[in-house]
1. Would you mind stating whether G50 is small (G, A, S), under 21 Å from S131 (Cβ atoms) and in contact with a helix residue (DSSP H, G or I) (Cβ under 9 Å, 6 or more places away or on another chain)?
2. Would you mind stating whether K225 is more than 22 Å from P76 (Cα to Cα), at pLDDT below 95 and surrounded by fewer than 17 Cβ atoms within 10 Å (Cβ to Cβ)?
3. Taking the condition of a type outside the set (A, V, I, L, M, F, W, C) and surrounded by fewer than 22 Cβ atoms within 10 Å (Cβ to Cβ), does T13 pass?
4. Which one is farthest from R166 (Cα to Cα), of the residues in region 83-110 that are touching a helix residue (DSSP H, G or I) at 6+ places or on another chain (Cβ under 7 Å) and at pLDDT below 90?
5. Filter region 230-260 down to residues that are modelled with pLDDT under 50 and of a type in the set (F, W, Y) and give me whichever is farthest from W203 (Cα to Cα).
6. Name the residues in region 191-222 that are more than 20 Å from the chain's Cα centre (by Cα), crowded, with 17+ Cβ neighbours inside 10 Å and more than 24 Å from A142 (Cβ to Cβ), would you?
7. Go through region 51-82 and report how many residues are in contact (Cβ under 8 Å) with a residue 60 or more places away in the chain, assigned to a helix (DSSP H, G or I) and closer than 17 Å to R110 by Cβ.
8. Would you point out which residue out of A213, A204 is small (G, A, S) and closer than 22 Å to V126 by Cβ?
Amino acid sequence: MFNETTFIILAATAAFGYGLAFLFDIAKKQRPAIGVFITAWLLNLLTIIGNYVVCGHPPFGNMVHVLVFLSLCFLPLHLVIRKRFNLDWTLPHFAFASLFPLIGTFFMERNLAWQRVPALQSPWFVPHVLSYMVSYATAAVAFLLMLTSLCTRDEELKLKRHNAARSVIRIALPLMTFGLWSGALWAEEAWGIYWSWDPKETWALITWCLYLASLHAYYRPDGRKRAVWTHLLAFAALVTTFLVVNLLPKFGNTLHSYAK
């Protein structure tokens, strides 16, 4: 029987595995790193399945469910990105990013039997949340790549990480765009209006605009420095959209307040 104790054991073990995969790769032990990464991912998947069984529908609605799913996104994304852009060296960035959403679940109320409110009982529920979670996971890795590029003095390595961040954002932005579009269609279905300037909607739009600006700056001959700082600002807006708007009490009466 899947319960809170089972959840804690699976999530904690998966988080430990993600951290171990990161350390193995940093130590240049790539084979153990990918093996541990896959094992941790499977435990993460079991947690998702357990959540699904308990609540009886896709577990995307409250923050704990979403954070568990967010951790699940990184390994598949790494496999796609390493093949598409030849970025196999990015594994520690993906493993490191996988760790933190699971850690976050231990500081929140775990309502595993959470049920969807009427506004969430829509065909848009899964594609909207799924597109945003994958785009946010991708953006988190791009942020880590950009941050590590700022922490090195080796110009060749700096440029390598900078270009990798640009490639990853090229995947994140279309997914984020679909999230905005599907959210507007869902809002019209649920509330009778496509856009209401709800704090969550507003910050999602700000985040999208900043990522679009950073991607444009990447392709300007003199835009590298501007792209870096716009990118970092975009990720700060993403964190505000995803966490701050949901968790701060002052936003408790927003139309998206059920997603806590």
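The values are calculated or read from the model by the stated rules, or taken from the named source; none is laboratory data. Since the structure is predicted, the reported quantities are computational estimates derived from the model, not experimental observations. Here Cβ is always computed from backbone atoms with ideal geometry, including for glycine, and neighbour counts include all displayed protein chains.
1. Answer is no for this residue.
2. yes
3. Here the answer is yes, as T13 does meet what is asked.
4. To start, the set of residues in region 83-110 that are touching a helix residue (DSSP H, G or I) at 6+ places or on another chain (Cβ under 7 Å) comprises 85, 87-88, 90-99, 101-105, 108, 110.
Filter once more, so that each one left must be at pLDDT below 90: 85, 87-88, 108, 110.
On the way: F85: 11, L87: 12, D88: 16, M108: 33, R110: 36 Å.
Out of the qualifying residues, it is R110.
5. Filtering region 230-260 for residues that are modelled with pLDDT under 50 and of a type in the set (F, W, Y), the one farthest from W203 (Cα to Cα) comes out as Y258.
6. Matches in region 191-222: D198 only.
7. Final tally of qualifying residues: 6.
8. Working: A213 fails: closer than 22 Å to V126 by Cβ.
None of the others qualify; the one that does is A204.
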